[in-house]
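*Asks:* Structure incoming, see below.
What follows draws every value from the coordinates through simple rules; no lab data is involved. On a predicted model such as this, the values are computed, not experimentally measured, just so you know. No Cβ is skipped: glycine too gets one built from the backbone with ideal geometry, and neighbour counts run over all protein chains shown.
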Amino acid sequence: MYRNGISTAPQGDMNSYSLAAAHGHRNVFHRLLSHTDKAKGDVLSLEEILAEGSELEGRSSSQVDLIRSGKAKLKALKEAMYHSAEHGHVDITIDIRSLGVPWTLHTWLESLRTCFQQHRRPLIQGLLKEFSSIEEEEYTEEIITHGLPLMFQILRASKNEVISQQLSAIFTQCYGPYPIPKLSEIKRKQTSRLDPHFLNNKEMSDVTFLVEGKPFYAHKVLLFTASNRFKILLANRPCGENTCIEISNVKYHIFQLVMQYLYFGGTDALHIRSTDVMELLSAAKFFQLEALQRHCEIICSKNINTETCVEIYNHTKFLDAPDLASYIEGFFLKNMLILIELEPFKQLLYDTLPESPGSDVLQALEKTLAIRIQSIHLSSSKGSIV
């Protein structure tokens, strides 16, 4: 019977190493090891045993027997490592690892879980340091279903700087070297168009917006088809010659950019200053202009660096722009080893109040990393999102 890549057998059929390891008899395990060790001159290195397709030709029969017995012993130790990890005897697991037996993802995770439950910080640090020795071929669904929840739980609970740095390095390693998936422009739906000459032109205007106390002249025929928000604003208004609608919480020059986008039929003619992009994003979301909102999100994504990312992320969460938030979470994971040293990022992770927009950032990072691992390590079309 195979479980987590290890052949397991009923206890009556377990090898002696596994029996000792499963029951936590560390002294017995070491006596078994010393009993089976051959003379120093006959001992093969684990590297030789692990070497694929070891050349048996040209070796004496005694050397061939030694290689075969070495491989059998390695297999037995792998099983023992599995059983010790399963039963929480982490000291035996680490003893076996010190012999050169490689980690499987499962044995590493079970050992980490035990150490976390037992509050054994030095062993946690040692195990986290060992993660890089696990081959990517070892990554299975278990890293998503059990590994990430455990590691993020440790990060949430531990304020130890070394552990935080080690976990950050692991998350960055799992995220991989590929670029963060880019945000793509949204093709604007075909709507009514007017010549830009009519932009804020009182001539033939049939609706006036009052923004910061100043009038902005527009045309219903364009706005009715622009978005549902404009349609609602214009609906149920008196049928006078000119409807006046007051717009709150939007600056005049930001509203002007929104109107330029509508009258010019796209973003090509827009000149958006970096200091205005978040306000324009907010306005685009309010007026339900998806293509303009995405254009602003793309500009934001290009302005993100280690100094600006936390502030932009907080704005993004407040505005409820999930695609941009996911992009920034990818940036966090890709640069986490640097960010974990910076106070604003640490405050974002640890000091936010339950009702604040960034309070679930660790949960969001876990979700983003799970999607990434699924794509680049576990899916049949690895790396498809990048």
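*Asks:* Using the Karplus curve 6.51 cos²θ - 1.76 cosθ + 1.60 with θ = phi - 60°, work out ³J(HN,Hα) for each residue of the stretch 250-255 in order, rounded to whole Hz, and write x for Gly and Pro.
*Replies:* 10, 6, 4, 5, 6, 4
*Asks:* With θ taken as phi - 60° and the coefficients 6.51, -1.76 and 1.60, list the Karplus ³J(HN,Hα) couplings across the stretch 106-114 in order, rounded to whole Hz; mark glycine and proline as x.
*Replies:* Residue by residue, the stretch 106-114 yields 5, 5, 5, 5, 5, 5, 5, 4, 4 Hz.
*Asks:* Continuing with this model, one more query. Once you list every other residue whose beta carbon is under 14 Å from the beta carbon of GLU366, what net charge do they have if Lys and Arg are +1 and Asp and Glu are -1?
*Replies:* Here the charged neighbours net out to +1.
*Asks:* Additional query: Anything over 23 Å Cα to Cα? Flag those among LYS129/LYS334; LYS159/LYS182; LYS187/LYS367; LYS78/LYS159, in the order listed. Intermediate values should be presented prior to the final figure.
*Replies:* Numbers: LYS129/LYS334 18 Å; LYS159/LYS182 33 Å; LYS187/LYS367 28 Å; LYS78/LYS159 34 Å.
LYS159/LYS182; LYS187/LYS367; LYS78/LYS159, as the Cα separations exceed 23 Å there.
*Asks:* Starting from 0.36 nm per residue, how many nanometres of slack lie between ILE186 and SER248 once their C-alpha separation is accounted for?
*Replies:* 19.6 nm
*Asks:* Oh, and also: THR243's amide H: which non-local residues (gap 5+, or another chain) put their own amide H closer than 5 Å, with H modeled 1.01 Å from N in plane and none for Pro or chain starts?
*Replies:* When sequence neighbours closer than 5 places are left aside, the close amide H contacts are VAL207, THR208.
*Asks:* Per-residue HN-Hα couplings for the stretch 126-140, Karplus 6.51 cos²θ - 1.76 cosθ + 1.60 at θ = phi - 60°, whole Hz, x for Gly and Pro?
*Replies:* Rounded to whole hertz, the list is x, 5, 4, 5, 7, 4, 5, 7, 7, 5, 4, 5, 7, 5, 10.
*Asks:* Within 15 Å, Cβ to Cβ, of GLN173, how many net charges do the neighbouring residues add up to if Lys/Arg are +1 and Asp/Glu are -1? Walk me through the numbers on the way to the answer.
*Replies:* Details: positive: LYS129, LYS334, ARG372; negative: GLU130, GLU135, GLU136, GLU137, GLU138.
It works out to a net charge of -2.
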